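*Asks:* My structure is below; once you've seen it, I'll send some questions.
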């Protein structure tokens, strides 16, 4: 018998996503209500475990709570979800055939941050991190979009990496302020930047070289995702296109500005960033 969501659970999930201000909301709000509710439930799950990883709890408590989330996901796939969020996810899992492995991967990615801080990881570790915190989410999303195919999975893998690398480039100073540095050690070495503390690394005069190398990796991932999209149902994958355009625009701006470590954070800059997201969402959502 299909598991049905409770209206109050769906309302709670939708409110959480709308209040987050994420570009994910802009990309998904144009979909039919059933699909947007499914995607908002996925996003709410990701937000829940991300807040645990970035919260103020001691490390041991974070790891324990994330372990509890593994059990919640086990309950979700075992047929007896007992939380509003997992109850909202239950019909999504059933209808779209989502995999437990992807939910567990997201939790594992958050645990990498919780156990961190991550400082100058290897390229292999950075790739694993991007797969867990971004591409795994993409694999869930493309199933909801209606593209549970090999090209759809390729879009999820490459676009997820592109989005996460763009986040890293955009937030390098904010991450350093809390002791994190996602720039791979191989790129820092090629740029001639010694690995010390995150704040010292991003203040190095050659840091732009390392950022440019990561930017090239992100650009290639976007190109790979764009190619994979040509093999997909473009209409079904429209939300992925919106996300790609929003983030690619950010990457283009960062390149044009010379890969800045410090970004403008004034109210005017925030206004234009929000306006641009809305315009892109309208254009790619309605075109």
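Read-outs throughout are calculated quantities, based only on the coordinates presented, and are distinct from any laboratory measurement. Since this is a predicted model, take the numbers as computed values, not measurements. Every residue, glycine as well, gets a Cβ built from its backbone with ideal geometry; the counts of neighbours run over all protein chains shown.
*Asks:* Each label point is 7 Å from the Cα along the Cα-to-Cβ direction; what then is the distance between the points at residue 255 and residue 235, in nm?
*Replies:* A separation of 3.2 nm, rounded to one decimal place.
*Asks:* Rounded if a/c is under 1.5, else prolate if a/b is larger than b/c, else oblate: which is region 81-158, with a ≥ b ≥ c the root eigenvalues of its Cα gyration tensor?
*Replies:* Numbers: a/c = 3.73, a/b = 1.37, b/c = 2.72.
Oblate, since a/c reaches 1.5 and b/c is not below a/b.
*Asks:* Give the calculated FRET efficiency between residue 54 and residue 122 to the nearest 0.05, with a Förster radius of 25 Å applied to their Cβ-Cβ distance.
*Replies:* 0.65
*Asks:* Test of understanding: what is the full-extension gain from residue 11 to residue 216, defined as 0.36 nm times their sequence separation minus their Cα-Cα distance? If you can, show how the numbers build up before the last one.
*Replies:* Working: separation 205, 0.36 × 205 = 73.80 nm, distance 4.05 nm.
Between residue 11 and residue 216, full extension yields an extra 69.8 nm.
*Asks:* What order do you get for 159, 251 when you list them from fewest to most C-beta neighbours inside 10 Å?
*Replies:* Sorted ascending by nearby Cβ count, the order is 251, 159.
*Asks:* Return, ordered by residue number, the residues of region 205-232 whose backbone nitrogen is under 14 Å from a label point located 7 Å along Cα→Cβ of residue 150.
*Replies:* 228, 231-232
*Asks:* Also, quick follow-up: Packing-wise, with mean Cβ within 10 Å as the measure, how do 58-67, 161-170, 115-124 rank, highest first?
*Replies:* 161-170, 115-124, 58-67
*Asks:* Still on this structure, I have one more. Between residue 186 and residue 206, what is the label-to-label distance in nm when each label sits 7 Å out along the Cα-to-Cβ direction?
*Replies:* 1.8
*Asks:* On a C-alpha basis, how far is the centre of region 138-182 from the centre of region 227-248 in Å? Whole number, if you could?
*Replies:* Taking the Cα centre of each part, region 138-182 and region 227-248 sit 13 Å apart.
*Asks:* Express in nm, to one decimal, how much length is gained between residue 70 and residue 197 on full extension, taking 0.36 nm for each residue of separation and deducting their alpha carbon distance.
*Replies:* Working: separation 127, 0.36 × 127 = 45.72 nm, distance 3.27 nm.
My answer for the length gained is 42.5 nm.
*Asks:* Arrange the following residues from fewest to most other Cβ atoms within 10 Å of their Cβ: 259, 69.
*Replies:* Lowest to highest Cβ neighbour count: 259, 69.
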